[in-house]
Every structure is written in C-alpha cells, then in structure tokens.
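Here the structure is laid out as structure tokens; the discussion comes afterwards.
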Amino acid sequence: MKIGGTLCCGSRRTNHALTATTSFLGAGHGLCYVASLSDRFRPGYCCDDSVYCASANLSFLQDEREEVIEAWYMDDSHEDQRLPHHREPKTFVSLDQLAELGVLSWRLDADNYETDEQLKKIREGRGYSYMDFCEVCPEKLPNYEEKIKNFFEEHLHTDEEIRYCVAGSGYFDVRDHHDSWIRVWVKKGGMIVLPAGIYHRFTLDTNNYIKAMRLFVGDPIWTPFNRPHDHLPARKEYLETFVQKEAASPAVDASA
Ligand SMILES: [Fe+2]
C-alpha cells in the first residue's frame, strides 16, 4: 500500500476512529491515539505535542462532514467570544463523540439547497415541515449587539435546534457529559441538530457572518430557557437519554 504524508497523534484518547487507525497502521502503532478523524488524519498534520506517529496516507478515512464541521474543547479564557478558544494543547472532538451527546451532523450541498434530495430526505424523515433563514451580521440583524449577547447566554430549548449553514460560519457551543464546553464550528454546507434539553449557546466567529436555514417540526418555537432550567421535562429526558446512559457504560475520558 502506498504510504505518503505525515500523521502525528493528538491527545491520547480513545474514540471510534481509533479502531480503524490502529488496525490500519498495525500493532506497532497501537499507541497512536488520535483526537478525532478531522485534521489528525490529513497528511502533513502535526499535533501540538509533536509526538511522531506514522507516515500514512489516510485520506480515504476522511469523513467529509469534518470539512465543514469541526469540534474541540474550549479553554477558560474570557477573551473575545468570537476567537476559537482552543485548549493548549488542542483537544479535538469527533463527530461520533458529538453524536453521543445527541448532536447530529450532515454535510449538504449549500449551493443547491432548493433542489437537494438529501436535504429533502432529512426533512421528510425527521418531520421538519417549517423552514426559514436567519442572517446574522451587524448590517442585517436588527438589535445586533443585544441579539448576539442573547445568543451567547447558555440556554436550552424544549425542541431540537436545527441549523443548516448555507453561507458564512459560526460557533455552536454545547456542554458535554461533564459540563465542559465543546465548541462546534459550522461552516457552509454543515448542518447540525442540537437535541432538546442540551445546554448550548451561539456566537459568530471573527468573520462576523452566517446565513443559516432554520428548520422545525410544525410551528416554530424559538424560546430559550437560560440556565438553570433543570426542572423542565426536556432537560430530564435529555439527561436520561444521553448522560445517564453514558454514565452507565464504560467511561471514555473526554475532559482530559
Ligand atoms: Fe438555542
């Protein structure tokens, strides 16, 4: 098999990508635990601690969603919310790990959303009958500063929050099982579903622009319930479905 490019490992955490990696690389590379499948698998990528791992062309393992959706654990800095806020060293989160929190993701054709069969199937399958667009930038959003501040207040909803980025980009921050912030960077073509009951917030990145399709089952209800709203049934159901289930299964240390 042809081998080329350089692959270095990130934090030594196990995830779903690990099985494929180690089995491909062989037993001699069993210590190469990668943080996620995104840029750790790009030939030439080197992680912050620069632990040499292997030389391999693993592009066939690339999940195309990760070109438009990336996620990582946030630092505790109070600097501008629009900065990436990576931890040191960077600690990425795979889309599989996001799915364990109930956060679903797709990559879609944002240039042809009006005729996109994949989007149509998702909408039909999940009952997303309502659709509109929301543009967030200083020029187009009335009461911009106030809205941006509100979006960044930690909150939950009693229904899913579905956002499909058709232009620009932005950060959707979600809490993990240990209450740590994961920053989910969604760019053009990325669509995510945040489950009802998950604590989250939104901010633009430094590009200061996103155009997002908003989807909903039936008549939309955008009401945010700022934290704490732990007594709501949607929150309890979220914990039962995604957090307590996780606590009962073998632990993977995602907060390291
Ligand atoms: Fe929200």
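One table, with the values for the structure above:
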item	result
Selection from region 176-200 of residues that are within 11 Å of the ligand (Cβ to nearest atom) and within 27 Å of residue 120 (Cα to Cα)	194, 196, 198, 200
Qualifying positions in region 63-106 - among the acidic types (Asp, Glu), crowded, with 16+ Cβ neighbours inside 10 Å and within 10 Å of the chain's Cα centre (by Cα)	66, 70
Boolean, residue 119 is surrounded by 13 or more Cβ atoms within 10 Å (Cβ to Cβ) and within 16 Å of the ligand (Cβ to nearest atom)	no
Residue in region 160-175 that is part of a loop (DSSP other than H, G, I, E, B) and away from the ligand (no atom under 16 Å from the Cβ) present	no
Region 114-140, residues that are part of a loop (DSSP other than H, G, I, E, B), farther than 12 Å from residue 214 by Cβ and either in contact with a strand residue (DSSP E or B) (Cβ under 6 Å, 6 or more places away or on another chain) or acidic (Asp, Glu) (or both)	114, 116, 139
Selection from region 209-232 of residues that are of a type in the set (D, E, K, R) and in a strand (DSSP E or B)	211, 214
Qualifying residues in region 129-159 (those that are within 15 Å of the ligand (Cβ to nearest atom) and of a type in the set (S, T, N, Q)) - the one modelled with the lowest pLDDT	150
Test: residue in region 137-160 that is in contact (Cβ under 8 Å) with a residue 40 or more places away in the chain, more than 18 Å from residue 222 (Cα to Cα) and in contact with a Leu (Cβ under 8 Å, 6 or more places away or on another chain)	yes
Test: residue in region 244-256 that is of a type in the set (D, E, K, R), assigned to a loop (DSSP other than H, G, I, E, B) and not assigned by TED's automatic domain parsing to the domain that holds residue 101	yes
Any chance residue 206 is more than 16 Å from the ligand (Cβ to nearest atom), hydroxyl-bearing (Ser, Thr, Tyr) and part of a loop (DSSP other than H, G, I, E, B)	yes
Where a residue in region 209-223 is under 12 Å from residue 132 (Cα atoms) and its partner, wherever it lies, is among the aromatic types (Phe, Trp, Tyr) and not in a loop (DSSP other than H, G, I, E, B), with Cβ under 6 Å and at least six apart	213/133; 213/164; 216/130; 220/130
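Residue by residue, here is whether (1) within 17 Å of the chain's Cα centre (by Cα); (2) buried (at least 19 other Cβ atoms within 10 Å of the Cβ) holds:
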| site | (1), (2) |
| --- | --- |
| 163 | yes, yes |
| 168 | yes, yes |
| 171 | yes, yes |
| 179 | yes, no |
| 188 | yes, no |
| 213 | yes, yes |
| 219 | no, no |
| 228 | no, no |
| 238 | no, yes |
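The values are calculated or read from the model by the stated rules, or taken from the named source; none is laboratory data. This is a predicted model, so every value here is computed, not measured. For neighbour counting, all protein chains shown are included, and Cβ atoms are generated from backbone atoms with ideal geometry for every residue, glycine included.
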